[in-house]
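A short worksheet on the structure shown next.
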Amino acid sequence: MTVLASSLDPTSPELAANREAMLTKLAELDAEHAKALAGGGPKYVERHRKRGKLLARERVELLLDPDTPFLELSPLAAWGSDYTVGASLVTGIGVVEGVECLITANDPTVRGGASNPWSLKKALRANDIALANRLPVINLVESGGADLPSQKEIFIPGGAIFRDLTRLSAAGIPTVAVVFGNSTAGGAYVPGMSDHVIMVKERAKVFLGGPPLVKMATGEESDDESLGGAEMHARVSGLADYFAVDERDALRQARRVVARLNHRKAYGDPGPAQPPKYAADELLGIVPGDLRTPFDPREVIARIVDASDFDEFKPLYGTSLATGWAALHGYPVGVLANAQGVLFSEESQKAAQFIQLANQRDIPLLFLHNTTGYMVGSQYEQGGIIKHGAMMINAVSNSRVPHLSVLMGASYGAGHYGMCGRAYDPRFLFAWPSAKSAVMGPQQLAGVLSIVARQSAAAKGQPYDEEGDAALRAMVEQQIESESLPMFLSGRLYDDGVIDPRDTRTVLGMCLSAIHTAPYEGARGGFGVFRM
Ligand code: COA
């Protein structure tokens, strides 16, 4: 074993200050998570309860095996938009009858559970996760369908929801719909496209057109029950496979359906793993409040991997990127962690080699981000930084082992790409509250804009407004800063959630377990042309 030594001094004032800053950010994060939990607010929650219905998260809880965790995904979806935080949908991974499943639940207390553009993005992301990891999908349905005022944003792309359901089914990944209420018009295709359908008596409403629309279209007088009630679908149309007498019965039946799926994981449980040698609590004090101050990511690795055991690869070469082998909850991982912020040619080549090795050995990769990007300047351009950065991006793009990304600090510029940012399809990507991500840092971006504006004025022979420049710089800096923050990025679904650093090992362990439901094989070749 190669146990990492820690030089962290838990009594140092820097650590205490970092910890304070992180706790402040976590308190802000908690307040935003609370908004998602509150759903449509007390008025709608109370009305929902008075109707004798369970809330979305209560439905999820009753579906799961008792005392098992639920890894909720994208709880901050729609943050910073006009829509309620959480986007009227709950998604996450949990265990039902011993089977890890991808679960979604409409939140009917938020605009009748209608889907807005962020709900759609969140639902599609959930489907992607299910497909990549071969997780059965359970949709707990009660939704007013498309959020009508935003229909132009969702109607056309929204068709992918039903396409995904049938593609999951075609791939042999089970899909289950439990209908608790409205599931009409387009929404009717959720049960319509699912492998297994359960409907709740006198509650489920599944029809292409409700009574008013039918009256308009054909003149026929009808009612909800005869058009799309659970009784009718269970006895007459055959769309419902199971008739539930109430919500709890529906969840019980859903558990029985999962118990009979015979869904098998590709890999067995790796068994018990040794915890890290250092306290997870110390993760709060590692990232400095000011991201320009570097920190040693080995202090993070030591607090998340099994037994703090880490065998570093090329430790003396390309030292601003730490690479090495470890295990996390018993699963082998290759770790790439930014050590000094900037990526140089050596780091890029080392990363490309390391990623190829992980592919040869079928080892998943964990990217721990704290990078300001690839090095600029004539010396580095002449040294081939573009082609070396391209090698790393090539390796990340064509790698076929599962990737996990955690944004601990900075994740700027092409460094975000090389470290497997969102566009590079990591199986899961989480951010710490200390993370920031943008094309470059706010000061740099404002400075670049100012230089460009100055040159443009000079080219036109106009005087440059220095006072206006200062104001513009301040405004741009503030805008970019706010757009770089994790809540903003999480609101746009650019990650799968902002997590407490102390939960990192648990979250990654759950992800690795989910990942090992599907077989994977590293790329033995199949990379693009590596420019030498
Ligand atoms: N788009 C936008 N807002 C919607 C909506 C939708 N599809 N469905 C409901 N809402 C809003 C309502 O306007 C209401 O807003 P308000 O409280 O500010 O007035 C709020 O959500 C709650 O709706 P309400 O009708 O009071 O709730 P309910 O639980 O009694 O009924 C539905 C829920 C979904 C059955 C009912 O609202 C409905 O039939 N909606 C339209 C469904 C539809 O035709 N969708 C198009 C499908 S593609």
Nearest-ten-degree value, helix 385-398 long axis tilted from longest Cα axis of the chain
30
How tilted is helix 117-133 with respect to the longest principal axis of the chain? Cα atoms for both, answer in degrees (0 to 90, nearest 10).
80
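If you take the beta carbon distance between residue 443 and residue 269 as r and set R0 to 56 Å, what does 1/(1 + (r/R0)^6) give as a FRET efficiency, to the nearest 0.05?
In this case the efficiency is close to 0.70.
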Global geometry of the range 127-250, whether rounded, prolate or oblate, following the gyration tensor of its Cα atoms and the 1.5 cut on a/c
oblate
Once the piece of chain linking residue 450 and residue 386 is laid out straight, how much longer is it, given 0.36 nm per residue of separation minus the C-alpha distance between them?
20.5 nm
Per residue and in Å³, how big is the convex hull formed by the alpha-carbon atoms of the range 349-449?
94
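Ranked from highest to lowest mean number of other Cβ atoms within 10 Å per residue, what is the order of the peptides 25-34, 298-307, 3-12?
298-307, 25-34, 3-12
Any number yet on Rg/Rh for the range 149-212, C-alpha, Kirkwood?
Reported Rg/Rh (Cα atoms, Kirkwood Rh): 1.01.
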If you add up the charges near residue 235, with Lys and Arg at +1 and Asp and Glu at -1, over every other residue whose beta carbon is less than 15 angstrom from its beta carbon, what do you get?
-3
Rounded to two decimals, what ratio of Rg to Rh does the range 211-283 give with C-alpha atoms and a Kirkwood Rh?
1.37
Name all residues of the range 314-349 having a backbone nitrogen under 19 Å from the label point set 7 Å from the Cα of residue 3 along its Cα→Cβ direction, giving them as ranges.
325-330
The chain, accessible surface, carbon-and-sulfur percent (1.4 angstrom probe)
55
Where in the range 423-453 does the amide nitrogen come within less than 17 Å of the point 7 Å from the Cα of residue 462, taken along Cα to Cβ?
449-453
Report the percentage of all Cα-Cα pairs in the range 434-516 whose separation exceeds 15 Å, rounded to a whole percent.
68
Give the peptides 362-373, 148-159 in descending order of average Cβ contacts within 10 Å, highest first.
362-373, 148-159
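Could the peptides 47-59, 192-204 be put in order, highest first, of the mean number of other beta-carbon atoms found within 10 Å of their residues?
Highest to lowest by the protection proxy: 192-204, 47-59.
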Which whole-number percent is the relative contact order of the range 328-485 (Cα, under 8 Å, 6+ apart)?
21
Along the charge dipole of the chain, Cβ charges K/R +1 and D/E -1, which of 485, 323, 300 sits furthest on the positive end?
323
Counting only C-alpha contacts under 8 Å and six or more residues apart, can you give the relative contact order of the range 442-483 as a whole percent?
62
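Count the net charge of all other residues whose Cβ sits under 14 Å from the Cβ of residue 297, scoring Lys and Arg as +1 and Asp and Glu as -1.
Here the count lands on -3.
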Dipole moment magnitude, nearest 20 debye, the chain about Cα centre, only Lys, Arg, Asp, Glu C-beta charged
1100
Evaluated over the range 24-259, the Cα radius of gyration and Dmax, each in Å
17.0, 61
What is the sum of charges, Lys and Arg at +1 and Asp and Glu at -1, for the other residues whose Cβ falls under 10 Å from the Cβ of residue 6?
-1
Cα centroids of the range 399-434 and the range 259-284: how far apart, whole angstrom?
21
So what is the accessible area of the chain per residue, in Å², with the probe set to 1.4 Å?
44
Using Cα atoms only, what is the angle between the long axis of helix 442-459 and the major principal axis of the chain, expressed in degrees (0 to 90) to the nearest 10?
70
Describe numerically, in nm with one decimal, the distance between label points set 7 Å from Cα along Cα→Cβ at residue 532 and at residue 151.
6.0
Restricting to Cα pairs under 8 Å and 6 or more apart, the percent relative contact order of the range 24-259 works out to 15
One would report the Cα pair-distance distribution of the range 442-483, bin width 5 Å, in %, as 5, 27, 29, 20, 11, 6, 2
With 10 Å bins from 0: P(r) over the chain, alpha-carbon pairs, percent
4, 17, 26, 24, 17, 9, 4, 1, 0
Between residue 312 and residue 478, what is the spin-label point distance in nm, taking each point 7 Å from the Cα along the Cα→C-beta axis?
4.3
Using a basic spin-label model with each label point 7 Å from the Cα along Cα→Cβ, how many nm lie between residue 249 and residue 67?
3.0
Any chance you could list the semi-axes, whole Å, largest first, of the equivalent ellipsoid that the Cα gyration tensor gives for the range 6-119, using √(5λ)?
32, 20, 13
I'd like the distance between the alpha-carbon centres of the range 10-77 and the range 154-222, rounded to an integer number of Å.
29
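The values are calculated or read from the model by the stated rules, or taken from the named source; none is laboratory data. Keep in mind the model is a prediction, meaning the values are calculated, not measured. Every residue, glycine among them, receives a Cβ derived from its backbone with ideal geometry; neighbour counts consider all protein chains shown. Just the protein is used for accessible areas: all its heavy atoms, side chains included, with ligands, DNA and RNA removed. Shrake-Rupley method; radii C 1.70, N 1.55, O 1.52, S 1.80 Å.
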